[in-house]
């Protein structure tokens, strides 16, 4: 099982709506959003103090009686070759699974949904489609992102689309466009930008 894990939070009351959950943070991301507050996870290279996947699963088994779910976040979890196997092992603990994703790999999402390995999906919609490379800080396959949005919206799985509203980068018109491109009937929320955690410190200075 090839999983690069950059952190583990054994208890969270706010990361999985309505559930007491643990949070597993994976390493590596294909985006470089300048407002990212998990910048330390962007590099896929292992760090000396990173927990091993088997150790995290052992801790989840230890805490399972006190938990209602597990959030797998990042970084970008769908880049991990061992993600499906990792989720199967969480599922064996009878814990609900929430996946946080940037939506860049719809084929991975489709496979996870087909196997019923996720119970809740949160996808970031970072910008109007035409501005996506600016907000993602990297080239983007916009049709792939759009496929992920449609796949999640039509999955029947509880889900949420979310956008970090960064005033220097997103105007009111941009936010209105994002709301329009979110599927009707799917929850969409705007999150507060936390400049002190931004990957690009120049953003804080512009607020």
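The values are calculated or read from the model by the stated rules, or taken from the named source; none is laboratory data. Being a predicted model, the structure only gives us computed values, none of them experimental. Positions of Cβ are backbone-derived with ideal geometry, glycine not excepted, and every protein chain shown enters the neighbour counts.
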**Report entry** Total residues in the range 90-112, condition surrounded by fewer than 17 Cβ atoms within 10 Å (Cβ to Cβ) and either touching a helix residue (DSSP H, G or I) at 6+ places or on another chain (Cβ under 8 Å) or modelled with pLDDT under 95 (or both)
**Finding:** 4
Requested in this report: Look through 150, 176, 144 and report the one residue that is assigned to a helix (DSSP H, G or I), within 17 Å of the chain's Cα centre (by Cα), surrounded by fewer than 13 Cβ atoms within 10 Å (Cβ to Cβ) and at pLDDT 95 or above.
Outcome: 150
Query raised in the report: Quick check, is residue 115 within 25 Å of residue 57 (Cα to Cα) and loosely packed, with under 14 Cβ neighbours inside 10 Å?
Result: yes
Query raised in the report: Looking at the range 192-206, is at least one residue in a loop (DSSP other than H, G, I, E, B), crowded, with 16+ Cβ neighbours inside 10 Å, at pLDDT below 95 and touching a strand residue (DSSP E or B) at 6+ places or on another chain (Cβ under 8 Å)?
Result: yes
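Taking the conditions exactly as written (touching a residue at least 40 places away in the same chain (Cβ under 8 Å), under 18 Å from the mean Cα position of the chain (by Cα) and crowded, with 17+ Cβ neighbours inside 10 Å), does residue 122 satisfy them or not? Walk me through it before giving the result.
Working: touching a residue at least 40 places away in the same chain (Cβ under 8 Å): yes; under 18 Å from the mean Cα position of the chain (by Cα): yes; crowded, with 17+ Cβ neighbours inside 10 Å: yes.
Considered against the rule, which asks whether it is touching a residue at least 40 places away in the same chain (Cβ under 8 Å), under 18 Å from the mean Cα position of the chain (by Cα) and crowded, with 17+ Cβ neighbours inside 10 Å, residue 122 comes out as yes.
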Report task. Any chance you could count how many residues in the range 125-139 are buried (at least 21 other Cβ atoms within 10 Å of the Cβ) and not in a helix (DSSP H, G or I)? Result -> 3
Requested in this report: Output the number of residues of the range 38-57 satisfying the condition of being surrounded by 15 or more Cβ atoms within 10 Å (Cβ to Cβ) and outside any helix (DSSP H, G or I).
Outcome: 5
